[in-house]
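Accompanying notes for the structure given below.
The values are calculated or read from the model by the stated rules, or taken from the named source; none is laboratory data. A quick note: this is a predicted structure, and the numbers were derived from the prediction, not measured. A quick note on method: Cβ atoms are made from the backbone with ideal geometry, for glycine too, and the neighbour counts reach across all protein chains shown. What goes into the accessible areas is simple: the full protein's heavy atoms, side chains included, and nothing from ligands, DNA or RNA. Shrake-Rupley method; radii C 1.70, N 1.55, O 1.52, S 1.80 Å.
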Amino acid sequence: MRKILTKRIQQLTKSPLLKMDSKVKAMQRAGIEVINFGRGEPDFQTPLPIKQAGKDAIETGFSHYTATAGIPELREALVEKFRKENHITYDQSEIIIGSGTRPLLYIAFQVLCEKGDEAIVPLPTWGTYVEQVKLSGAAPVFIRLVPPFKLTAKEVERKITSKTKVLLLNSPSNPTGAIIEKEELQKIAQLAIKHGIWIIADEMYEKLLFKGKYISIASLNKKIQQHVITMNGFSKTYAMTGWRIGYAAGPKEVISSMVDLQGHLTANASSISQKAALGFTKSEKEVVQMVAEFAKRRTFLAKELVKIPQLDVTIPEGSFYFFIGIKRLLGKNQSTMDWCERLLEKKHVALIPGEAFLSPGHVRLSFAAPIEKLRLAVERIKEFINES
Ligand code: PLP
């Protein structure tokens, strides 16, 4: 019996996110108009300076392999971004550019974790982290947060063992939109230093923030910077999901190992996309406009959703997601996936079930859609609840 797939791949959890997406696509092919709140991507155009830089790269024939770590101009622009916006000093050799943040996260887990190690992951979580931890051979250790989903150092401390290798932080969080407060970041940093733990800080939604100023954990002091791999990317902030450009910054020993591994995987991120991404330095106006629009939608939804008494609504501090508790609406033995499928079939509204975030009993609503659509969807959700 040799014709058999590995255990590694057999234990991969099939994403409920993809299951919902394929149902939506099948309905759309059948001519049904679906209001799709499943998608984790902005409904905006990539800013013009980025598009133009991409066109120029094609025109000038910038179509060869690049340096494995990424083109020096983009890494230098990111050094400057980190210095100015995040107050972290990195050298160019401490930055890697990849084909999206996702593969860089995978590479980071491969570099930092192996069998026998534990990686702490707060729940609710974007399911990809958990699969990537498992693929590294390490065991995920969960902290189950309850609304308003705010991570504290106390909860982290309770989960630390002699096997803990990595702590995953994602602030603002996908799917809850919660941020980790500065005082907690400081205490978490102390724990990481005391116990010799790596922190992977996914800061993907740093600019999609509706209160306060963003604080990167690596900026707190020089000591903690040596423990942190800061992850970020262009997908959400610059509406560039399809261009596939992400980046990571951290101690040289980690980043150079990540470059070595990337060399055997993708070789480098797309040359054209890297050149295009350089346009980010001229695109801040578009980002500010996009965030202002997201803020309006968030205010609208916060007002409308709290009027539905059966829902447990937490208002997100960042990202473009509401993570809504629906436990009171679930029938006996009914899964959240089942509830979402029925909503989709009956009212043609697509939400993502909490199972995708290892947190059933909730649904994720992405407000990457205009207010008129949000209004219509809220009406349909109300009807569905009242008819059930
Ligand atoms: N990190 C977070 C928190 C995300 O929500 C996502 C995408 O949904 C990613 C990383 C991956 O982004 P990309 O691979 O498009 O850069």
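The table that follows gives values for the structure above.
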| item | result |
| --- | --- |
| Inter-probe distance in nm under a simple model that places probes 7 Å from Cα toward Cβ, at Lys296 and Gln310 | 3.1 |
| Partner aspartates and glutamates for Lys282 [C-alpha distance under 17 Å; skip if fewer than 8 residues away on the same chain] | Asp56, Glu73, Glu76, Glu80, Glu85 |
| Global form of the stretch 106-165, assessed from the alpha-carbon gyration tensor, a/c cut-off 1.5 | oblate |
| Nearest-ten-degree value, helix 371-387 long axis tilted from longest Cα axis of the chain | 50 |
| Antiparallel DSSP beta bridges within the chain, percent to nearest 5 | 45 |
| Reachable lysines, given that their alpha-carbon falls under 20 Å from the alpha-carbon of Lys115 and they are not under 8 places away in the same chain | Lys7, Lys134, Lys159, Lys163, Lys165 |
| Added length on full extension, which subtracts the Cα-Cα distance from 0.36 nm per residue, Thr266 to Thr13 | 88.7 nm |
| Heavy-atom surface of the chain, accessible at 1.4 Å and reported per residue (Å²) | 46 |
| Signed unit charges on C-beta, dipole axis of the stretch 185-248, positive-most listed residue Trp243, Leu209, Ser219 | Ser219 |
| Considering only the stretch 64-282, percent of DSSP beta bridges that pair antiparallel, nearest 5 | 30 |
| Candidate aspartates and glutamates for bridging to Lys154, where Cα separation is under 15 Å - those fewer than 8 sequence places away on the same chain excluded | Glu181, Glu183, Glu184 |
| Lys/Arg +1, Asp/Glu -1 at C-beta; the chain dipole; positive extreme among Ala269, Ala108, Thr13 | Thr13 |
| For the chain, size of Cβ-based charge dipole, Lys and Arg +1, Asp and Glu -1, in debye | 860 |
| Fraction of accessible area attributable to carbon and sulfur, the chain (%, probe 1.4 Å) | 54 |
| At R0 = 56 Å, FRET efficiency that the Cβ-Cβ distance of Lys327 and Glu85 yields, to 0.05 | 0.90 |
| Estimated inter-spin distance, Glu41 and Ser162, nm [label 7 Å along Cα→Cβ] | 4.7 |
| In degrees, nearest ten, helix 48-59 long axis to first principal axis of the chain (Cα) | 60 |
| Extension gain, Gln52 back to Gln92 (0.36 nm per residue minus Cα-Cα distance, nm) | 11.9 nm |
| Projected label distance in nm at Leu376 and His195, using a 7 Å step from Cα toward the beta-carbon | 4.9 |
| Residues of the stretch 357-377 with amide N under 17 Å of a point placed 7 Å along Cα→Cβ from Glu383 | 372-377 |
